[in-house]
Amino acid sequence: MNIKHLTLASLLLSSSIIASDTINDSIKNGTITGDVTLYAEKADKKGNNPDEGFTSGSIGLGYETADFNGFKASIGFRGNHDFSEVEDGDYGETDKSILHTANISYANDMANLTIGRQEVDLEWMGDFHEAAILGITAIADTNITLGYTKRIAVADADAALESFDKINDDNGAYVLDVKYEGIKNLLLNPYYYKAQDVANWYGLKADYDINTFGATGHIAASKEDIAGKDDGQIMQLEARTNLVGLGLNIGYIKTDKDIGVESMAIVGDNINPFEDSEKVYVADAKTTYIGLSYELAGVELASIYGQTKYGQDKEKELNIAADYSITDNLSTGLLFVDVDAQDSDDDYNKITATLAYSF
């Protein structure tokens, strides 16, 4: 072997060893996160409906490698188990565990890309998705998200797991989401979604916030692809303030009078402010709500009360929550829910309790 080839071989070997060592360091220096959660729920049903409730435990674990030339790999799972039920079936049918995160990501100063199972939090796309999500940050004051999702799952510590299920008969859905912050105190968020042969939906959300006051205006509409199906629409207005630690928000939500939001919520949603209400998105729904929040002696207190009128019917809901961090890792929470339905036999109240250790 001549000196030229020997030098080239040496360089290739040394670079391979360096890359190997760097990858090993990336794996060794990764971050592990997790939680152990105990949860209990009891619902007092009115009329002749039997009471419901369950007690469950959940373990979540996640791991992310350290950065390697912009690349990272992440994996995470959750395992849930129900210990008891008031009535058989209260906890629901569920898988005992789910691999909710398994992806590879790459990021630089211009963009970031994540491919695989990942958590998504967009206006009409939430929970865990098998997806490819590209974020573009090259434009000043602008964050552009382009994505495609094929399957969706729910992996909460306080409910039955919902394993990955096809979206739109395996055709999936696409998203274009833009957030612009080039105007002082204002965030503009236009977006567009497409589910082939089902619907296109689009909207604009604007958030304005100064020191003690904020406001949100949001409108979205769908163009349904199925012949004879009405298009959906929803509008939300909210004002909020914070004075001497007391938070107050007041809002109004209105849906299309014939069909409600229709197909817009098939991959997730973020508008409904209540814990349980199922009427906010139905046809001809008009929802008014008021919320309060305050921190007292380390306890975070929050409540929301609202009424939804849908057609000639109405439903009221009250949520009261208290959360307290016992230590940096150990926290507890209580939640009270009261639902006053159109039919008094459907009224109920519910109490939930959570104890979680996270690391």
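The values are calculated or read from the model by the stated rules, or taken from the named source; none is laboratory data. Being a predicted model, the structure only gives us computed values, none of them experimental. Don't worry about glycine lacking a Cβ; one is built from the backbone with ideal geometry, like all the others, and counts go over all protein chains shown. Only protein heavy atoms, including side chains, enter the accessible area calculation; ligands, DNA and RNA are left aside. Shrake-Rupley method; radii C 1.70, N 1.55, O 1.52, S 1.80 Å.
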_Filtered residues of region 58-84 (kept if farther than 11 Å from A102 by Cβ and open to solvent by less than 40 Å² (accessible area, probe 1.4 Å))_ = S58, G60, T65, A66, G70, R78, G79, N80, D82
*asked:* Return the pair list, or none, for Cβ contacts closer than 8 Å from residues in region 265-286 that are of a type in the set (F, W, Y) to residues that are assigned to a helix (DSSP H, G or I), at least 6 apart or on different chains.
replied: Y281/A265
_Consider region 148-171. How many of its residues are among the aromatic types (F, W, Y) and surrounded by 18 or more Cβ atoms within 10 Å (Cβ to Cβ)?_
1
*Which pairs have Cβ atoms under 7 Å, sit 6 or more apart or on different chains, and link a residue in region 83-96 that is modelled with pLDDT of 85 or more to one that is in a loop (DSSP other than H, G, I, E, B)?*
E85/Y91; V86/D51; E87/P50; Y91/A160
*Residue selected from region 103-147 under the condition among the hydrophobic types (A, V, I, L, M, F, W, C), out of contact with any Asp or Glu (no Cβ under 7 Å at 6 or more places or on another chain) and over 20 Å from E64 (Cβ atoms), by the criterion most open to solvent (accessible area, probe 1.4 Å)*: M110
